[in-house]
1. Quick one: which residues, 5 or more positions from Ala90 or on another chain, have an amide H under 5 Å from its amide H? H modelled 1.01 Å from N in the peptide plane, none for Pro or chain starts.
2. Whole-Hz ³J(HN,Hα) for each residue in segment 304-315, computed from phi via Karplus 6.51 cos²θ - 1.76 cosθ + 1.60 with θ = phi - 60°, x for glycine and proline: what do you get?
3. Just to verify a number: FRET efficiency for Lys279 and Asp8, C-beta to C-beta distance, R0 = 30 Å, to 0.05?
4. Please compute the modelled spin-label separation between Gln211 and Thr74, points set 7 Å along Cα→Cβ, answer in nm with one decimal.
5. Please list, in order along segment 263-275, the HN-Hα scalar couplings obtained from phi with the Karplus expression 6.51 cos²θ - 1.76 cosθ + 1.60 (θ = phi - 60°), rounded to whole Hz, x for Gly and Pro.
6. Using the charge dipole of segment 63-137 (Lys, Arg: +1 at Cβ; Asp, Glu: -1 at Cβ; taken about the Cα centre), state which of Phe75, Ser109, Thr99 has its Cα farthest towards the positive end.
7. Given Cβ point charges of +1 (Lys, Arg) and -1 (Asp, Glu) and nothing else, what value in debye, to the nearest 20, does the dipole of segment 63-137 about its Cα centre take?
8. Beta carbons within 10 angstrom, averaged per residue: use that to sort the peptides 266-278, 49-61, highest first.
Amino acid sequence: MAAPNSKDTFKDYCLRQLGFPVIEINVDDDQLDDRVDEAIQYWQTYHDDATEKFFLKHKVTNSELTTAAASNGTFVKGETITGGTSGAKAVIDSVTSTTKLRYNALEDSNTPFQVGDVITGETSGATGTIASNGIVKGDIENRYIPINSLITDVVRVMPIRDDVSSSDMFDVRYQIHLHDMYNLGFMGSLAEYVMSMEYLDLLDKVIDSDQKHIDFNRHRNTLEIFMDWDEEVLPDEFIVVECIRIIDPATYTDVFNDYYLKKYATALIKRQWGQNLLKFEGMQMPGGVAFNGRQLYEDALVDIEKLEEEARLNWERPVDFFSG
């Protein structure tokens, strides 16, 4: 028998486990799909094999304004533009065409540009009217980055600036490498070197920490990073995020052959089968045969309880604790 490698073959496997085609399984196709989706969702939430550590790379974007027609005059990079109706102000970061210009952030986040605003350049005197779909906010103005739906947890944002290495000869790390690295291969103490580097790292975290405070909720699909976006990042730079990502069954079809997932999905379908038969409880069939959906339903509940306990105790990713 071939291993399940798609949702359809997975459903067929689960039905065979329950006795199909020898026994008719009284479960509708839509119910079958729902139970399989439910099983996959539970597996992705609590089973460590369903997720992986992933480093997400995101290119920072700035905001863009598009005018309905070519601007009257030429906007200049670095000048301040003002919205005639809204009163919004921003400094131009780049002019990409006669109808498009970009800025990093508003001078006042509570006063945004509006559709139909006539924007005027403070230095050039150029003007243009913002088109109906001409406002696209970037990461710097939003102060968050988008996160795709496969990400379940965000561990940290990697340091945006390099605070570990330096080519400055007066930097303490440079001096340590200069005087100590040569001796490590001969008679130097590696333990002493490691302890020194750990102590310097601790000082850096206390005095000049680059660790970012973040707020992430997977249902919003955004990662808020609490920092001075105007000063710490530039357009087209990259932000790297350490996170936990779901292994997508559509891409990695071996997911459907996972031992636990097959057992759990089968138990859910069995519960649905028993629940469907409960309305026929006590009904006599020709030959004196009676439906016993309740027993089927209760047996499935016991199986599900055992499997869920197994997942939470044996396979769930450990909870991270903060101390300080």
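A short reminder: the numbers here are calculations on the coordinates, not readings from a lab. Bear in mind the structure is a predicted one, so any value in this text is a computation, not a measurement. Backbone-built Cβ (ideal geometry, glycine too); neighbour counts: all protein chains shown.
1. Ile81, Glu107
2. 5, 4, 5, 5, 5, 5, 4, 5, 6, 8, 9, 10
3. Plugging the Cβ-Cβ distance into 1/(1 + (r/R0)^6) gives 0.55.
4. In this crude spin-label approximation the distance works out to 5.0 nm.
5. 5, 5, 5, 4, 5, 5, 5, 4, 5, 5, 4, x, 5
6. Of Phe75, Ser109, Thr99, it is Thr99.
7. Numbers: 5 positive and 7 negative charges, 37 e Å.
Charge dipole, segment 63-137, about its Cα centre: 180 debye, nearest 20.
8. 266-278, 49-61
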